[in-house]
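**Q** My questions will all concern the structure given below.
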Amino acid sequence: MQLCSPRQLALATSCVLAGCTVGPDYVAPEPEAPDTWHREVVADLDGQRLEAWWSLLGDRELESLIARAGSGNLDLRQAFERVNEAMALRGVAASNRWPQTEGIGSATTNRASERVQPQFQGNQFAAYQLGVGGSWEIDAFGRITRLIESAEAGLAAQLEAYRDIMVVLYAEVGLQYVELRTLRERLRLTEENIRLQETTLQLTRDRSAAGLVSDLDVRQAELNLARTRSVAPSLRAAIAATTFRIAVLCGLRPGDPDIRTELAAEGPLSLPERTVLTTPVDTLRRRPDLRAAERLLAAEIASIGVAEADLYPRFALLGSLTFEGINGNLGDTLGGDALAASLGPSFRWNLLNGERVQSQVDAQIARADQARTGYEQAVLRAFEEVEASLAAYAEETQRLQELEASVRAAQQSVELVESLYRTGRVDFQNVLDTQRALATQQDEAAVSRGLILQNLIRLFRALGGGWAESESLGHQAAATNE
């Protein structure tokens, strides 16, 4: 058991007189940020607005899906409901500034001791009470002020968490959409190669029937065709799974006919000529997860003051106004002579619980330190994500250029080797090798084109793109009201 120290007694006295607020005042952290991103990687990038990054891709179908997800996604709706909860809790905290009143009423039958209250005949009487009572805490040490600060910071953190889910959601819709279009392009190329290899198989059968080649060429052509055909089912399965995933992201059932109709577009996606980029400091200001981490830190620091306030007395003004009566009936109790009132100050002080309260303060300080470390870690992770996305985008762009050159060379090789095979100047193994190389290079080029767009979307996400200050809650509020 620990009594309050003389220092705490002196501080309590001075705070009562001066009206101070205990606990540390919050100072927003200023993490170090590099002056710019890696120059070699971003030499061809320029700055544009990030609120609607999907418009830079010029795909109306993607824009429609983003709108669907914004109004229908259940994770986003749940985050919006958490914002409402935090707003209500902020109201609860703010209500502590005002008197807390309650109605008082009772009607009881009592049996009194003959020795203590012999005046009651039969030792039994009825007691009635009806009125109001209340208390008003005086915020002498800033407990309520810090409580409201913590609640407001918690509300802001939930709002930023909502925005962060929006950023992640829109990026995920974009990634899945690009994946779907990439899979369809790969399936289209696979079907083209199947038709090419079917023609080659028929050619080998004709040449074998004419006695120009052995049956080995036919068997090899059949093997090559069957191998290529085996790729198509796995691509169709992946297309179905991706379509289902997009439907769920939009808050629809997998296989919903509306979403299947909307996802009917095919063909390769075009790559944007211009790309979004912001400075490192802008990234810190924009990313909702960093803003949420900073607000959580503010909430934990404000809670230190709430905990410290329990080290000092808590003052309140108590009062009640009631009608009271004994025996008779309830109506008689409401007479003017039955009116009772009380009004006066009170205080409570954890004089004998200083050790327990100080331990609670120490625990809250530790929680604030954890929040600060979490914020610093989030900053480092943000820089890592941006730099990694930039590098992946730039290197994959270079890789696609080489793959497109290899596809052109493979197409020319297929045309040449088939012509030579028809005239018997090369064996069939050359045909197989060039056809396989063409199929492989076309598939890798399609995958690479999709990766470039996906890396670009990951860059948008890492830069905090996908929400606007004035509109971030509007769509979800409208959807909830519906």
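The values are calculated or read from the model by the stated rules, or taken from the named source; none is laboratory data. Note that the structure is predicted; figures quoted are calculated from it, not measured. Note: ideal-geometry Cβ built from the backbone for every residue, glycine included; neighbour counts use all protein chains shown. Ligands, DNA and RNA are excluded from the accessible area calculation, which covers all protein heavy atoms including side chains. Shrake-Rupley method; radii C 1.70, N 1.55, O 1.52, S 1.80 Å.
**Q** Can you run down the residue pairs with Cβ atoms below 9 Å, 6 or more apart or on separate chains, where the first is in segment 187-198 and closer than 12 Å to ARG236 by Cβ and open to solvent by less than 20 Å² (accessible area, probe 1.4 Å) and the partner is assigned to a helix (DSSP H, G or I) and not acidic (Asp, Glu)?
**A** What qualifies is THR190/THR228; THR190/ARG229; THR190/VAL231; THR190/ALA232; THR190/LEU235; THR190/ALA439; THR190/GLN442.
**Q** What do you reckon, is ARG295 within 21 Å of the chain's Cα centre (by Cα), basic (Lys, Arg) and open to solvent by less than 60 Å² (accessible area, probe 1.4 Å)? Talk me through it step by step, then tell me what you get.
**A** Numbers: within 21 Å of the chain's Cα centre (by Cα): yes; basic (Lys, Arg): yes; open to solvent by less than 60 Å² (accessible area, probe 1.4 Å): no.
So ARG295 fails the test.
**Q** Scan segment 341-356 and give yes if some residue there is charged (D, E, K, R) and open to solvent by less than 30 Å² (accessible area, probe 1.4 Å), otherwise no.
**A** Keep residues of segment 341-356 that are charged (D, E, K, R), which gives 348, 355-356.
If we keep only those that are open to solvent by less than 30 Å² (accessible area, probe 1.4 Å) as well, we get none.
So far as segment 341-356 goes, no, none of its residues is charged (D, E, K, R) and open to solvent by less than 30 Å² (accessible area, probe 1.4 Å).
**Q** Step by step: first the residues of segment 337-356, then only those that are assigned to a helix (DSSP H, G or I) and of a type in the set (D, E, K, R), then the one that is farthest from TYR128 (Cα to Cα). Which residue is that? Lay out the reasoning, then the answer.
**A** Quick first cut of segment 337-356, residues assigned to a helix (DSSP H, G or I) only: 337-338, 354-356.
If we keep only those that are of a type in the set (D, E, K, R) too, we end up with 337, 355-356.
Numbers: ASP337: 14, GLU355: 43, ARG356: 41 Å.
Applying the filter and picking the extreme gives GLU355.
**Q** Looking at the structure I just gave you, is TYR375 aromatic (Phe, Trp, Tyr), over 20 Å from ARG181 (Cα atoms) and either touching a residue at least 24 places away in the same chain (Cβ under 8 Å) or open to solvent by less than 70 Å² (accessible area, probe 1.4 Å) (or both)? Give the steps one after another, and end with the answer.
**A** Numbers: aromatic (Phe, Trp, Tyr): yes; over 20 Å from ARG181 (Cα atoms): yes; either touching a residue at least 24 places away in the same chain (Cβ under 8 Å) or open to solvent by less than 70 Å² (accessible area, probe 1.4 Å) (or both): yes.
Against the criterion (aromatic (Phe, Trp, Tyr), over 20 Å from ARG181 (Cα atoms) and either touching a residue at least 24 places away in the same chain (Cβ under 8 Å) or open to solvent by less than 70 Å² (accessible area, probe 1.4 Å) (or both)), TYR375 qualifies.
**Q** Further, regarding this structure: Pairs only if they're at least six apart or on different chains, beta carbon under 6 angstrom, first in segment 88-110 and in contact (Cβ under 8 Å) with a residue 60 or more places away in the chain, second surrounded by 11 or more Cβ atoms within 10 Å (Cβ to Cβ) and among the β-branched types (Val, Ile, Thr); list them, first residue then second.
**A** Cβ pairs passing all conditions: ILE104/THR322.
**Q** Additional query: Hey, among VAL414, VAL361, which residue is open to solvent by less than 40 Å² (accessible area, probe 1.4 Å), in contact with a Ser or Thr (Cβ under 8 Å, 6 or more places away or on another chain) and aliphatic (A, V, I, L, M)? Show your work before the answer.
**A** Details: VAL361 fails: in contact with a Ser or Thr (Cβ under 8 Å, 6 or more places away or on another chain).
Checking each option against the conditions leaves just VAL414.
**Q** Check whether at least one residue in segment 58-71 is at pLDDT below 90 and open to solvent by less than 50 Å² (accessible area, probe 1.4 Å), and report yes or no.
**A** The answer is yes; a qualifying residue exists.
**Q** Return the residues of segment 241-261 that are assigned to a helix (DSSP H, G or I) and either of a type in the set (Val, Ile, Thr) or farther than 17 Å from LEU175 by Cβ (or both); say none if nothing qualifies. Let's see the steps before the verdict.
**A** If we filter segment 241-261 for residues that are assigned to a helix (DSSP H, G or I), which is where we start, we get 241-249, 257-261.
THR242, THR243, ILE246, VAL248, PRO257, ASP258, ILE259, ARG260, THR261, listed by residue number.
**Q** Every residue in segment 242-258 that is free of Cβ contacts under 8 Å to residues at least 24 places away in the same chain and surrounded by 14 or more Cβ atoms within 10 Å (Cβ to Cβ), please. Steps first, answer last, please.
**A** Of the residues in segment 242-258, the ones free of Cβ contacts under 8 Å to residues at least 24 places away in the same chain are 244, 247-248, 253-258.
Within segment 242-258, PHE244, ALA247, VAL248, PRO254, ASP256 qualify.
**Q** Take the residues of segment 298-315 that are of a type in the set (A, V, I, L, M, F, W, C) and open to solvent by less than 20 Å² (accessible area, probe 1.4 Å): which is farthest from PHE383 (Cα to Cα)?
**A** At the first step, the residues of segment 298-315 found to be of a type in the set (A, V, I, L, M, F, W, C) are 298-299, 301-302, 304, 306-307, 309, 311, 315.
After this cut, where a residue has to be open to solvent by less than 20 Å² (accessible area, probe 1.4 Å) as well, the list is 298-299, 301-302, 304, 307, 309, 311.
On the way: ALA298: 22, ALA299: 24, ILE301: 25, ALA302: 28, ILE304: 30, ALA307: 35, ALA309: 39, LEU311: 42 Å.
So, considering only residues that are of a type in the set (A, V, I, L, M, F, W, C) and open to solvent by less than 20 Å² (accessible area, probe 1.4 Å), the one farthest from PHE383 (Cα to Cα) is LEU311.
**Q** Given the condition farther than 30 Å from ILE194 by Cα, open to solvent by less than 40 Å² (accessible area, probe 1.4 Å) and modelled with pLDDT of 90 or more, answer yes or no: does some residue in segment 262-276 qualify? Quick ask: steps written out before the conclusion?
**A** Here is the first cut: in segment 262-276, the ones farther than 30 Å from ILE194 by Cα are 272-276.
Right, trim to open to solvent by less than 40 Å² (accessible area, probe 1.4 Å) and you get 272, 275-276.
Imposing the further condition that a residue be modelled with pLDDT of 90 or more reduces the set to none.
No.
**Q** Can you tell me which residue in segment 199-227 is farthest from the chain's Cα centre (by Cα), limited to those that are open to solvent by 70 Å² or more (accessible area, probe 1.4 Å) and within 20 Å of GLU415 (Cα to Cα)?
**A** Looking at residues that are open to solvent by 70 Å² or more (accessible area, probe 1.4 Å) and within 20 Å of GLU415 (Cα to Cα), I get ASP206.
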